[in-house]
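**Q** Got a structure for you, written out below as structure tokens; questions coming shortly.
The values are calculated or read from the model by the stated rules, or taken from the named source; none is laboratory data. Quantities reported herein were computed from a predicted structural model and do not represent experimental measurements. When we count neighbours, we look across all protein chains shown, and the Cβ atoms used for this are built from the backbone with ideal geometry, even at glycine. To get the accessible areas, we keep the full protein, side chains included, count just its heavy atoms, and leave off ligands, DNA and RNA. Shrake-Rupley method; radii C 1.70, N 1.55, O 1.52, S 1.80 Å.
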Amino acid sequence: MRAGEKLRKPVTEAKYLTVENADRYRCIIRLFYLQYEKLKYWLYQEEVYEEMAEDTYFSDYTQEQCQQDLAALVGWGNLLTIQDTKAVSTIEEFKNKKFRYQLSEYTVEIERMVVRLENLSVEGSSLEPSLLERIRVNLSKLEKMVQEDDEALYSWWNDLNSDFVRLNQNYQDYMRELNSVKAEEMMKTREFLIFKDRLIDYLRSFVKSLQINVTVIEQILDSIEKQTLDRIFQRITTYENSIPHMDTEISEDMIYEKIQGRWSSIYNWFSGERGRDSEALKVFDTTNEIIRKITRYAARISEMSSGGANRREEYYRIAHLFSRCGSIGEAHKLSSYVFGIEKPLHLKGDLRRSTESINSGVLEEEPHEISVTPRTRNYHEKGHRQGIADRRKEKDAMLRETMKRMEDEAKLIQSYIKGDYLDFSTLPVIEPQVRDVFLSWLSRALESENRRAKTEDGRDFHLEEEEGETCTVICTDGTFRMPKYTIVFDNGQSRSSI
């Protein structure tokens, strides 16, 4: 995402919703919006004050407060003003600046959103298979629309986009409603069984329509040629740009980019992008998961209901058996079989029996011991004290082994140093550990300003380089190229002076 200038700019037009005295500001904006829907775009201050004063909530509202509120809304960009000069007869009347007020474009959209939010619980979302069919029909007309005039082509494009937006929004809202906490709680009640079947049939009909139409739409989208699309996009861009607007200037590039973006959204929704699953496939999977969840909840409720009925039958049978007991002793014996001890202790674990016979009784089995530890946070097992073991022999053996390995490595490294020089260009095939030692020396010298350093055993050396020359170092695990460096130890003479 790129944070453009419009995205970084604060939306001051939304201030009237949250600031102090928002009750007055919102009522004024709502008044302008209602008049805007009636095609009455301009209002005077007197008209606003008269409408506000009619409400008992604003019984103490004054002309000065009305003027201040309108000025604040003008300052935030909610209202546009123009001075009315047609009825002015004197200079004094002109100085009083009698204004007419009109809603700004931003505020119209903000107030529309607020109205939708207020009616959100009333406007229920839905899944409309007819939208999929309309989109399929409109896309199938694409080749024919090339022969139509620009006005018909622009109308077709708007219909296609509005259907796609409605389909996407309605699906998202409906799925959000089914996945809400309120819906989850409702699915756990017995009342849910009443309309469970209707809901599943509704979802399945949408899934069926989705399968049929998406397959056809994918074929249509794949058959459309890019040249045809470019020609249609260019004609729609030219026609939309020809529509006159009073207060906005939009370039053809911006319109063309917007049209391409909308077409990409439609294409990716049905066909996917760069090997990814399409949004239609995600819709299919999500809807099927909702159906499975509804079925699970319904089955669980049914099991609970039938389980209660079976338990009632069992209780009735047990009561009948008790009624047939001839004495209290028989009743006690029956009770021991039915209920057993009052609070039995059940132990679970990996218990190994000495026999697999099902006829073996508890008293015949070998006892099994279980160590039970306290269930407290502060409990720790008691440690066993032990003396310090003498490990000097192991340490001495490890030290001798380490010293021997270091001596062997030093001899191996020394075997590659000819005299007091280590020339990387003349090295034979070397082991990785030898290469790592040489490169560590080289790194130390390159990090120093005077290109001098010391080896691990304290030998001083400096680094020389033949400018522009390179060499190849061959190792048992691969080769690499590097500048032609020579390491010269200080007890040797510099090659440049030879």
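**Q** So, Glu51, is that one assigned to a helix (DSSP H, G or I) and either open to solvent by 80 Å² or more (accessible area, probe 1.4 Å) or farther than 20 Å from Gln102 by Cα (or both) or not?
**A** Judged against the criteria, Glu51 is a match.
**Q** Considering every residue within region 437-448, establish whether at least one is of a type in the set (A, V, I, L, M, F, W, C), open to solvent by less than 80 Å² (accessible area, probe 1.4 Å) and touching a helix residue (DSSP H, G or I) at 6+ places or on another chain (Cβ under 7 Å).
**A** Yes, the conditions are met somewhere in region 437-448.
**Q** Moving on to the next point. Quick one: how many residues across region 397-407 are open to solvent by 60 Å² or more (accessible area, probe 1.4 Å) and within 56 Å of the chain's Cα centre (by Cα)?
**A** 3
**Q** Then there is this: Looking at Ser242, Ser223, which is the one that is open to solvent by 50 Å² or more (accessible area, probe 1.4 Å), under 18 Å from Phe270 (Cα atoms) and of a type in the set (Gly, Ala, Ser)?
**A** Ser223 is the lone residue from the list that is open to solvent by 50 Å² or more (accessible area, probe 1.4 Å), under 18 Å from Phe270 (Cα atoms) and of a type in the set (Gly, Ala, Ser).
**Q** Name every residue in region 392-433 that is part of a helix (DSSP H, G or I) and closer than 30 Å to Gly468 by Cβ, in order of residue number.
**A** The initial filter retains those residues of region 392-433 that are part of a helix (DSSP H, G or I), namely 392-414, 424-426, 432-433.
Those that are part of a helix (DSSP H, G or I) and closer than 30 Å to Gly468 by Cβ: Ile413, Phe424, Ser425, Thr426, Pro432.
**Q** Quick check on Ile243: is it out of contact with any strand residue (DSSP E or B) (no Cβ under 6 Å at 6 or more places or on another chain) and under 26 Å from Glu133 (Cβ atoms)?
**A** Judged against the criteria, Ile243 is not a match.
**Q** Okay, next question. Are any residues in region 413-436 within 58 Å of the chain's Cα centre (by Cα) and open to solvent by 50 Å² or more (accessible area, probe 1.4 Å), and if so, which ones?
**A** Answer for region 413-436, where residues must be within 58 Å of the chain's Cα centre (by Cα) and open to solvent by 50 Å² or more (accessible area, probe 1.4 Å): Thr426, Pro428, Val429, Glu431, Gln433, Asp436.
**Q** Then there's this: When you go through Leu127, Leu210 one by one, which is the residue that is surrounded by 15 or more Cβ atoms within 10 Å (Cβ to Cβ) and assigned to a loop (DSSP other than H, G, I, E, B)? Talk me through it step by step, then tell me what you get.
**A** On the way: Leu210 fails: assigned to a loop (DSSP other than H, G, I, E, B).
Just a single option satisfies the conditions, and that option is Leu127.
**Q** Could you tell me which numbered condition Thr18 fails, if it satisfies all but one of (1) at pLDDT 85 or above; (2) surrounded by 10 or more Cβ atoms within 10 Å (Cβ to Cβ)?
**A** (2)
**Q** Further, regarding this structure: Kindly list the number of the only condition in (1) open to solvent by 40 Å² or more (accessible area, probe 1.4 Å); (2) modelled with pLDDT under 85 that fails for Ile200.
**A** For Ile200, the failing item is (1).
**Q** Ok, one more. What do you reckon, is Ala410 open to solvent by less than 80 Å² (accessible area, probe 1.4 Å), in contact with a helix residue (DSSP H, G or I) (Cβ under 6 Å, 6 or more places away or on another chain), without any contact (Cβ under 8 Å) to a residue 60 or more places away in the chain and among the hydrophobic types (A, V, I, L, M, F, W, C)?
**A** Numbers: open to solvent by less than 80 Å² (accessible area, probe 1.4 Å): yes; in contact with a helix residue (DSSP H, G or I) (Cβ under 6 Å, 6 or more places away or on another chain): no; without any contact (Cβ under 8 Å) to a residue 60 or more places away in the chain: yes; among the hydrophobic types (A, V, I, L, M, F, W, C): yes.
No.
**Q** Taking region 434-468, which residues are assigned to a loop (DSSP other than H, G, I, E, B) and closer than 13 Å to Tyr485 by Cα?
**A** If the condition is that a residue be assigned to a loop (DSSP other than H, G, I, E, B) and closer than 13 Å to Tyr485 by Cα, then Arg451 is the only one that fits.
**Q** Next question, about the same structure. Quick check on my filter: what residues within region 359-380 are open to solvent by less than 100 Å² (accessible area, probe 1.4 Å) and farther than 20 Å from Lys348 by Cβ?
**A** Passing the criteria: Gly361, Thr376, Tyr379.
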